[in-house]
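Participant: Submitted below is the structure of interest, expressed as structure tokens.
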Amino acid sequence: MDSPPVIGDSLTARMIPRHSSLDSFGAMKVSLLVNLASIRVSKEELRQRVMLPKYLRLAILDCILRKDDSPSPAASSSSVAPPSEDLTPEVPLMVFVNPKSGGRQGPIIKERLQNLIGEEQVFDLTEVKPNEFIRYGLGCLEAFASRGDECAKDIREKMRIVVAGGDGTVGWVLGCLGELNLQNRQPVPPVSIMPLGTGNDLSRSFGWGGSFPFAWKSAIKRTLHRASIAPVSRLDSWNILITMPSGEIVDPPYSLKSTKECYVDQSFEIEGEMPPSTNGYEGVFYNYFSIGMDAQVAYGFHHLRNEKPYLANGPIANKIIYSGYGCSQGWFLTHCINDPGLRGLKNIMTLHIKKMDSSEWEKVPVPKSIRAVVALNLHSYGSGRNPWGNLKQDYLEKRGFVEASADDGLLEIFGLKQGWHASFVMVELISAKHIAQAAAIRLEIRGGEWKDAFMQMDGEPWKQPMTRDYSTFVDIKRVPHQSLVVKGD
């Protein structure tokens, strides 16, 4: 079975802008795909293209509910006679819906999806977690395939995933799918996006748009059709390991899990004190990691949304509330509040990086005026903005930078000052404060007078506890296997 077309080449992407990753297909191919995406498709045609045979749909759901990847005897008996080839869909789709996204419109969208392609192929993420589907659902398909079921084998090889949610939801699903590489269970299904979040930067970067259309009933069908025909591109994934003094993070995001495999590389100077005992958290991000004031604003917004969901009833309302938090948290009043020692990240943070093709750590100074540091992988941050900017070739050469790309193995590290600076950056009047490009990052964070540091990755914030006496370490490195994302445009 041929694998889906993959756009981009990680060996050459460093010199290619993000928007040009389609060049290997040519303009004619792109034009053809766009025309295909605009064709009106009937419900019956869509079902024939993406819908699994009933015996497999029921068997997969049964395995997930029983939390067992072995099909039940009743399900197995239905596959004794191999189904006819016309029952095998061209591009089988499985859909995950976050009901808390989309101004709480997720349940309505889920109902529409289930009406289109069947209840068994649409999963509510509050009921079925991505890792459960991968372990039991895909495991069920693989069990059928190992018994000689050609239909199940074909579906497993051609399957694609659609995620209806925000950046955090998409990252959660991508992270779980990435486990298939570690388990040697290829191929890994590529992911399409139905943007229901507030920023939707992952969705924007891969051509799925910044928000879901108001005419969502017809848009859902078009989105499923596009998800089944569009080509696939590569995306770098980044592992983050937090090593902290004994304690725990309260209410960490889905993508951040406790781990016992934490360590501190002491091959270079540590400015704070090493904790006598440590606790670790590990996760994966795809768009950005940040520490500082922007994460604190995001943390306040997320808690308000969870406590009073009726206030966050749509993207516009969300952004108004988000802006209000930016003002209330001191983002615009840096020099009027707080002790001077609490203002800039320079007072608590040390930054080391590894450059591309280098094994040596290099200390990079953090400007004293910086209140937020962001490590960015994509061309989109803060609802489609490009804070890194479109840099001229002479500036790139002067700073030792290369053209940024989603699959170049590099993170762009930049800083934001007070709210006025961040505002000008977000309307793209100026670029952010360029700090470095890095293939690996190490942060040492010293507590002192800081009781907490706010962090976020891919739009999911948390409060990182700090201690006066001991340092916390954040290590970021690229995951060896890249993720696969379907190009919506």
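Participant: For residues in the stretch 187-204 being touching a helix residue (DSSP H, G or I) at 6+ places or on another chain (Cβ under 7 Å) and of a type in the set (G, A, S), which is nearest to A219 (Cα to Cα)? Full working, then the answer.
Facilitator: Looking only at the stretch 187-204, we keep the residues that are touching a helix residue (DSSP H, G or I) at 6+ places or on another chain (Cβ under 7 Å), and these are 187-189, 191-202.
Retained after the next criterion (residues that are of a type in the set (G, A, S)): 192, 197, 199.
Working: S192: 14, G197: 16, G199: 19 Å.
That would be S192.
Participant: Same structure again: Taking the stretch 123-156 as the region of interest, how many residues are not in a helix (DSSP H, G or I) and not hydroxyl-bearing (S, T, Y)?
Facilitator: The number of residues fulfilling the criteria is 9.
Participant: Can you pull out the residues in the stretch 465-489 that are among the charged types (D, E, K, R), open to solvent by 30 Å² or more (accessible area, probe 1.4 Å), assigned to a loop (DSSP other than H, G, I, E, B) and touching a residue at least 40 places away in the same chain (Cβ under 8 Å)?
Facilitator: D469, D489, listed by residue number.
Participant: Please enumerate the residues belonging to the stretch 59-74 that are open to solvent by less than 80 Å² (accessible area, probe 1.4 Å) and farther than 14 Å from I117 by Cβ.
Facilitator: A59, D62, C63, I64, D68, D69, S70, P71, S72, A74
Participant: May I pose another question? Among the residues of the stretch 463-489, how many are farther than 17 Å from M349 by Cβ and modelled with pLDDT of 90 or more?
Facilitator: Residues of the stretch 463-489 farther than 17 Å from M349 by Cβ: 477-489.
From what's left, modelled with pLDDT of 90 or more: 477-487.
So the answer is 11.
Participant: Show the residue pairs meeting these rules: Cβ distance below 8 Å; 6+ apart or different chains; first residue within the stretch 280-301 and more than 13 Å from K463 (Cα to Cα) and aliphatic (A, V, I, L, M); second residue at pLDDT below 85 and outside any strand (DSSP E or B).
Facilitator: Here the result reads V284/S255, each pair linking the stretch 280-301 to a residue that is at pLDDT below 85 and outside any strand (DSSP E or B).
Participant: Take the stretch 378-403 and flag every residue that is free of Cβ contacts under 8 Å to residues at least 12 places away in the same chain and in a helix (DSSP H, G or I).
Facilitator: Q393, D394, Y395, L396, E397, K398
Participant: Give the residue that is farthest from L376 (Cα to Cα), with candidates limited to residues of the stretch 233-251 that are surrounded by 19 or more Cβ atoms within 10 Å (Cβ to Cβ) and within 16 Å of the chain's Cα centre (by Cα).
Facilitator: S233
Participant: Another question about this same structure. Check whether at least one residue in the stretch 421-444 is under 28 Å from K100 (Cα atoms), open to solvent by 20 Å² or more (accessible area, probe 1.4 Å), at pLDDT 85 or above and in contact with a Phe, Trp or Tyr (Cβ under 8 Å, 6 or more places away or on another chain), and report yes or no.
Facilitator: No: zero hits.
Participant: Whether any residue in the stretch 150-173 is open to solvent by less than 20 Å² (accessible area, probe 1.4 Å), touching a Phe, Trp or Tyr at 6+ places or on another chain (Cβ under 6 Å) and farther than 19 Å from N98 by Cα is what I want to check.
Facilitator: Looking for residues that are open to solvent by less than 20 Å² (accessible area, probe 1.4 Å), touching a Phe, Trp or Tyr at 6+ places or on another chain (Cβ under 6 Å) and farther than 19 Å from N98 by Cα, one finds at least one in the stretch 150-173, hence yes.
Participant: Sticking with this one: Within the stretch 134-180, can you find the residues that are of a type in the set (S, T, Y) and more than 22 Å from the chain's Cα centre (by Cα)?
Facilitator: Selection gives Y136, S146.
Participant: How many residues are open to solvent by less than 10 Å² (accessible area, probe 1.4 Å) and over 19 Å from G171 (Cα atoms) when one looks only at the stretch 197-222?
Facilitator: 2
The values are calculated or read from the model by the stated rules, or taken from the named source; none is laboratory data. Just so it is clear, the model here is predicted, and its values are computed rather than measured. We place every Cβ from the backbone using ideal geometry, glycine too, and count neighbours over all the protein chains shown. Accessible surface is based on the protein model in full, side chains and every heavy atom, while ligands, DNA and RNA are left aside. Shrake-Rupley method; radii C 1.70, N 1.55, O 1.52, S 1.80 Å.
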